[in-house]
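See below for the structure under consideration.
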Amino acid sequence: MIRGLQLEMRQSYAFVARNFNLMKRYWGWEAVWLAYSIANSLSVTFIGAGAGEITGESQIDTNFLITYLLIGTLVWRFLASIFNNISEMIAWERWEGTIEYTFMAPVRRFNQMLGQTIFAVVYSLLFTIVIGVVIAAFFDLDFSDADLVSATVILLVGSVSFVGIGVVASILPLLYPERGAQMTNIVQAVFLLVSGVYYPVSVLPDWLQFLARLSPATYVLEGMRAALLPGTAEQAPTTYVWPLLLMGLVMLPLGVWLFQRAEHYTKRTGKLKRNG
Amino acid sequence: MKQIVSSTETAIIVNDVVKRFNAASEPWWWRLRGGRPAENGDHANGNGTIKARRGKELVTAVDHISFDVHRREIFGVLGPNGSGKSTLIRLLSTLLLPDAGTITIFGLDVVRDEMKVKRIINRVSVDAAFFKKLSPRENLLYGARLYGVSGREADRKAREILKRLGLRESSYNSPMEDMSRGMQQKVAIARAFLTQPVVLLLDEPTTGLDPRSKLEVEAFVNELRDVHGATIVITTHDMNEADSLCDRIAIVDDGKMVALDTPTGLKRMINRNGHEPSLEEVFMDLTGKELVEKDDLTDFELQKVLD
């Protein structure tokens, strides 16, 4: 049994090590993406700093607004990075032409997903911390009253359901060799719109608010703001853990199951072969 | 060099296998009821009228093919482009599901026992499938770990194999994209060898290689069988390679098997007024087609043919 477990862990580690090696080899692109993400996140945060001048109101609490936007941009960077890393795992393999090799190996899809998830969480965490540190140097923000433990728990629990959504999205490049990768970007864009990344979901039209309640990112963002901006939220941060746990419990197994069905379909129709 | 197969144990049984592409799917209500009933162990509908998907042409890539491969045999599959060779290899390697018929490898069904089959096979395809930015070392470690081989063991073995195949030490840590196709193909063979497969599926492994590399690969294939006891199925365009390497050869054309015998047996099938015909002549006689189109040949091979 221990030998079996060791074998399965080795298989999951194969994906972690491979992805870190790829990251190392494509370091130029990583540097460009990091610089872009820092600039983008800073631009969003400066909107908070300039709110008083934009509106002509001198009573605006700019520190609150900066923190509000900072939480939005950092949480979104983290969740989007996890989503990208998971949803693009098939697109990468198609692009490199290795998909048949990987699918022929005696690896359970769960082990593949586990390896991909470990990489995605570690990578996204490091990526987001670097962005956070750079942005923090630009502003004088006070997190002395913040509930950092609750914030961390909410972020990690929320990332589980985002992994599940990423697995479901990764089916698209499996089923549609040419257009699948583009389709995953649309999925991500919808989450960005409805999840209240830079604004409360209450400002959205009713039908978008309904969609917002189905997005785990909404609960992560509201929970993080409740934890890091104490006294501003109606509910305690822990309230947001339960819907996230429920979503994670549903989305992760559902994602793996759907992926296995899609894999079966591609093997029946011969769609694995095309590297489009 | 060629070893006479002493064991009669059957390694692979391909039984009346059919694979079609662009076939219209069953209606969803059929699938809700569990699909059409399977017949005689078939995994899908092999009978009745099969319609093409709208706007597509129905292609029968493998058309009721049956054969057995003995343990420790080198079994060749010859055929022109589009004859169904690669589809057959993909069916054996669990990358495609048969529409009808069954394939067993050492008694394991490739559909029902997919994971067990995957553990004992490996495949080298015509296009060396690698992460091009990664080095041979990084690619080989990735592949070995997928099969449960530890990184340290894989690293040691990989260096040994690649040294034997003539790969320079300095290339071991350089990106694969900097290597020639021939060298990439050698790394692909080393990768398959690392996992010590019981059955090795080689899909045109020497296409595009120079004559020296071809000979090295052929020697390696022989060693895999002779020393490590692997059963090998190889598809190729190269007549000399098939003649010297294979114990038996199946000739396929348009998805159908045209002939199956030893190279000598195949040559005996046709009469050439006293002289022994080449496999090329056997193929042309049996199918009425050229085995290799001129476009498929490398410049070197083309020059050889013209000379």
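The values are calculated or read from the model by the stated rules, or taken from the named source; none is laboratory data. No experiment lies behind these values; they were computed from the predicted model shown. Every residue, glycine among them, receives a Cβ derived from its backbone with ideal geometry; neighbour counts consider all protein chains shown.
Each row is one residue, and each column tells you yes or no for (1) touching a helix residue (DSSP H, G or I) at 6+ places or on another chain (Cβ under 9 Å); (2) without any contact (Cβ under 8 Å) to a residue 24 or more places away in the chain; (3) under 15 Å from B:Leu201 (Cβ atoms); (4) away from chain A (no Cβ under 14 Å).
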position: B:His70; (1), (2), (3), (4): no, no, no, yes
position: B:Phe75; (1), (2), (3), (4): no, no, yes, yes
position: B:Pro80; (1), (2), (3), (4): yes, no, no, yes
position: B:Lys85; (1), (2), (3), (4): no, no, yes, no
position: B:Thr94; (1), (2), (3), (4): yes, no, yes, no
position: B:Pro98; (1), (2), (3), (4): yes, no, no, no
position: B:Gly107; (1), (2), (3), (4): no, yes, no, yes
position: B:Lys116; (1), (2), (3), (4): no, yes, no, no
position: B:Ile120; (1), (2), (3), (4): no, no, yes, no
Inset, instruction - Out of the residues in the stretch A:1-12 that are under 28 Å from the mean Cα position of the chain (by Cα) and within 8 Å of chain B (Cβ to nearest Cβ), state the one that is nearest to A:Pro106 (Cα to Cα). - result: A:Gln11
Legend entry - Looking only at the stretch B:122-141, and only at residues there that are part of a loop (DSSP other than H, G, I, E, B) and among the charged types (D, E, K, R), the one that is farthest from the chain's Cα centre (by Cα): B:Lys133
Legend entry - Residue under evaluation B:Lys163, criteria (1) under 25 Å from B:Ile234 (Cα atoms); (2) within 9 Å of another protein chain (Cβ to nearest Cβ); (3) surrounded by fewer than 18 Cβ atoms within 10 Å (Cβ to Cβ); (4) basic (Lys, Arg), criterion not met: (2)
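Within the stretch A:209-225, is there a residue that is surrounded by 15 or more Cβ atoms within 10 Å (Cβ to Cβ), more than 18 Å from the chain's Cα centre (by Cα) and at pLDDT 95 or above?
Filtering the stretch A:209-225 for residues surrounded by 15 or more Cβ atoms within 10 Å (Cβ to Cβ) gives A:209, A:211-212, A:215-225.
Restricting the remaining residues to those that are more than 18 Å from the chain's Cα centre (by Cα) gives A:209.
This time we only want the ones that are at pLDDT 95 or above, so: A:209.
Within the stretch A:209-225, one or more residues are surrounded by 15 or more Cβ atoms within 10 Å (Cβ to Cβ), more than 18 Å from the chain's Cα centre (by Cα) and at pLDDT 95 or above.
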Legend entry - A:Phe119 vs. criteria within 14 Å of chain B (Cβ to nearest Cβ), more than 19 Å from A:Thr67 (Cα to Cα) and modelled with pLDDT of 95 or more: yes
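Got at least one residue in the stretch A:125-147 being within 14 Å of chain B (Cβ to nearest Cβ), hydrophobic (A, V, I, L, M, F, W, C), farther than 22 Å from A:Arg225 by Cβ and outside any loop (DSSP other than H, G, I, E, B)?
For the stretch A:125-147, residues within 14 Å of chain B (Cβ to nearest Cβ), hydrophobic (A, V, I, L, M, F, W, C), farther than 22 Å from A:Arg225 by Cβ and outside any loop (DSSP other than H, G, I, E, B): absent.
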Inset, instruction - Taking the options A:Gly48, A:Gly52, A:Gly28, name whichever one is more than 30 Å from A:Gly231 (Cα to Cα), more than 19 Å from the chain's Cα centre (by Cα) and in a helix (DSSP H, G or I). - result: A:Gly28
Inset, instruction - Please find, within the stretch B:83-128, the residue that is surrounded by the fewest Cβ atoms within 10 Å (Cβ to Cβ) out of those that are of a type in the set (Asp, Glu) and farther than 24 Å from A:Glu8 by Cα. - result: B:Asp127
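Output the helices (runs of 4 or more DSSP H) that fall wholly within the stretch A:61-105 and possess 2 or more residues being more than 21 Å from B:Lys118 (Cα to Cα) and touching a helix residue (DSSP H, G or I) at 6+ places or on another chain (Cβ under 9 Å), or say none.
Hits in the stretch A:61-105: A:62-87, A:89-96.
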Inset, instruction - Go through the stretch A:163-276 and tell me which helices (runs of 4 or more DSSP H), entirely inside it, have 2 or more residues that are away from chain B (no Cβ under 14 Å) and within 30 Å of B:Asp127 (Cβ to Cβ). - result: A:180-194, A:241-269
Legend entry - Conditions (1) modelled with pLDDT under 95; (2) within 14 Å of chain B (Cβ to nearest Cβ); number of the one not met by A:Phe15: (1)
Legend entry - Test result for B:Ser150, more than 8 Å from every other protein chain (Cβ to nearest Cβ), among the polar types (S, T, N, Q) and surrounded by fewer than 23 Cβ atoms within 10 Å (Cβ to Cβ): no
Legend entry - Meets criteria (away from chain B (no Cβ under 14 Å) and buried (at least 21 other Cβ atoms within 10 Å of the Cβ)) for A:Ile54: no
